[in-house]
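Below is one structure; the comments refer to it alone.
What follows draws every value from the coordinates through simple rules; no lab data is involved. Because the structure is predicted, anything quoted here is derived from the model rather than measured. In this analysis, Cβ positions are derived from the backbone assuming ideal geometry, glycine residues included, and neighbour counts consider all displayed protein chains.
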Amino acid sequence: MTVLCVPLLFGCGKAKDKKSPVNPPVPEHSGRPAETRTPYYYGLIEEYRSILAEDPNNLAALIALGNAYFDSGQWKNAVTMYEHALSIDPRNADVRSDLGTAYRQLGMSERALAEYRLALEHEPGHLNARYNTGIVYAYDKKDYRAAIRVWEELLRRAPNFPEAERIRSNIASIKKGIKKGDK
């Protein structure tokens, strides 16, 4: 068995280390630009919960509450809200992708991949689902060839994707590591 050490993507650590010393990229959150300052999540959460108390199937409030839980790292609550939203709108690729990322954060990489696949079935051009699939393959599954395939497809579809340079660098590093390991 070959050990693959790709410093730019994963860092090199001791074999006993569970986590790489280099933080993996943060999976993309669908449909919303990054915040420049941290919002007041408790207030947002309470606001959306009060809306849902009066209208439990308010799709916009369900998604917004899921996003507030997601952004504040409350993964189980995010999953609950996203699943409820998907019971109303099962073809929503943004919500599916975010649900996948919440599952990944809970250590459920297979569930994450299943949600990303469904997002791509409903919306084949969904770039964040593709990007996040590559992250799961590379960082969780250690299936570097699968990560390369996914990311190369993403770059074919969207050469100017916001993380394109990082992806290209990661692909090059992985390929270099694979070559060294094959000798």
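Please give every one of the aspartates and glutamates within straight-line cross-link reach of K176, meaning a C-alpha to C-alpha distance under 18 Å, and leave out same-chain neighbours fewer than 8 residues apart.
Candidates past the 8-residue exclusion: D143, E152, E165.
Mind checking the full-extension length gain between S50 and E123? Use 0.36 nm per residue of separation minus the Cα-Cα distance, one decimal, nm. Don't skip to the end; give the middle numbers.
Values: separation 73, 0.36 × 73 = 26.28 nm, distance 3.17 nm.
Computed gain between S50 and E123 is 23.1 nm.
Mind checking the dipole of the range 112-183: about its Cα centre, +1 per Lys or Arg Cβ, -1 per Asp or Glu Cβ, Debye to the nearest 20?
Working: 15 positive and 10 negative charges, 113 e Å.
The dipole of the range 112-183 has a size of about 540 debye.
Each residue of the range 161-168 in order: what ³J(HN,Hα) in whole Hz does its phi give by Karplus 6.51 cos²θ - 1.76 cosθ + 1.60, θ = phi - 60°, with x for Gly and Pro?
The phi angles translate into 3, x, 9, 4, 5, 4, 4, 4 Hz.
Just to check I understand the Karplus step: with θ = phi - 60° and J = 6.51 cos²θ - 1.76 cosθ + 1.60, what whole-Hz values come out for the range 51-62, glycine and proline as x?
Calculated HN-Hα couplings, in order: 4, 5, 5, 8, 9, x, 10, 6, 4, 4, 5, 4 Hz.
For a footprinting-style exposure proxy, rank I135, I178, I45 by other Cβ within 10 Å, fewest first.
Details: I135 26, I178 15, I45 18.
Arranged by neighbour count, lowest to highest, I135, I178, I45 become I178, I45, I135.
Could you give the length gained by full extension between K175 and N57, i.e. 0.36 nm per residue of separation minus their alpha carbon distance, to one decimal place? Kindly include the intermediate steps, with their values, before the conclusion.
Working: separation 118, 0.36 × 118 = 42.48 nm, distance 4.72 nm.
Fully extending the segment from K175 to N57 adds 37.8 nm.
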